[in-house]
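Reviewing the structure listed below.
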Amino acid sequence: MKRRLIIEGERVQDIGYRMFLLNLASEHDLTGFQARNVGRDGVEAVYEGEKDAVRAFEADVRQLAPEGARVERIRFEDYDGPVKDIERFRSYFTTLQLGKMIEVGLTMIHKQDETLNELKAFRKESIQNQQLMIQKLETISQKQDETLGELRAFRNESRRNQEIMIQRQGETLEELKGVREDLKSILDRRLTALERDVALIKERLGIR
């Protein structure tokens, strides 16, 4: 007995539906089986076997599905075309899946290589940025050293200037003291002379 089924739904492809149907057909001892994806949302299978086995297979197809499948409709109909031997199809399908796995693996390796290259480029750029930062820090450190040196020189010069000012203030103070003594001596002499003149005038005037 030959039959065909068509499964349609939002998610029936790329989730292992064909392998699921193949294993289910093997469990029911079907002699012929082949499956393919149709369109963007369908899976088609043709199969062959004893009538009871075919009916039991179809009953399970109605009730079971791969994990994650989203099935909207399942149609069964008679079929009179060719059907591959189930083991031949299994060999073909396994080879096909292995080829896809290899392709996916190669794609992953290629992406890993790209990621590795990006990481190498990022590392190189990071090292360059770190070197630039180190250079800038060294420049800043050098400028800080220069500034510190200038501050020390300014402090030393300020101290020297303060010492000179203190010394000059001392000298000026001594000079002022000398001037004060001179003024006092002059004033004393003038006062003595003035007193002498006053006394002389009083004597002449007969004033005692």
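Bear in mind these aren't lab numbers, they're just calculated from the coordinates by the rules spelled out. As the structure is a prediction and not an experimental result, all values here were calculated from the model. Don't worry about glycine lacking a Cβ; one is built from the backbone with ideal geometry, like all the others, and counts go over all protein chains shown.
None of A59, A69, A35 is within 24 Å of V12 (Cα to Cα), surrounded by 12 or more Cβ atoms within 10 Å (Cβ to Cβ) and free of Cβ contacts under 8 Å to residues at least 60 places away in the same chain except A35.
Only one entry of L106, L96, L119, L137 meets the criterion of being of a type in the set (A, V, I, L, M), within 30 Å of A25 (Cα to Cα) and either part of a helix (DSSP H, G or I) or out of contact with any His (no Cβ under 8 Å at 6 or more places or on another chain) (or both), and that entry is L96. Here segment 1-32 is the region considered, the condition is being touching a residue at least 40 places away in the same chain (Cβ under 8 Å) and over 53 Å from the mean Cα position of the chain (by Cα), and the residue that is surrounded by the most Cβ atoms within 10 Å (Cβ to Cβ) is L30.
Please go through segment 100-142 and pick out each residue that is among the basic types (K, R) and more than 26 Å from M19 (Cβ to Cβ). If the condition is that a residue be among the basic types (K, R) and more than 26 Å from M19 (Cβ to Cβ), then K120, R123, K124, K136 are the ones that fit.
Restricting attention to segment 43-53, the residues that are surrounded by fewer than 18 Cβ atoms within 10 Å (Cβ to Cβ) and not acidic (D, E) add up to 1. Evaluated against (1) touching a residue at least 12 places away in the same chain (Cβ under 8 Å); (2) more than 45 Å from the chain's Cα centre (by Cα), Q169 falls short on exactly one condition, (1).
When each of V104, V83 is tested for being in contact with a Gly (Cβ under 6 Å, 6 or more places away or on another chain) and among the aliphatic types (A, V, I, L, M), the lone residue that passes is V83.
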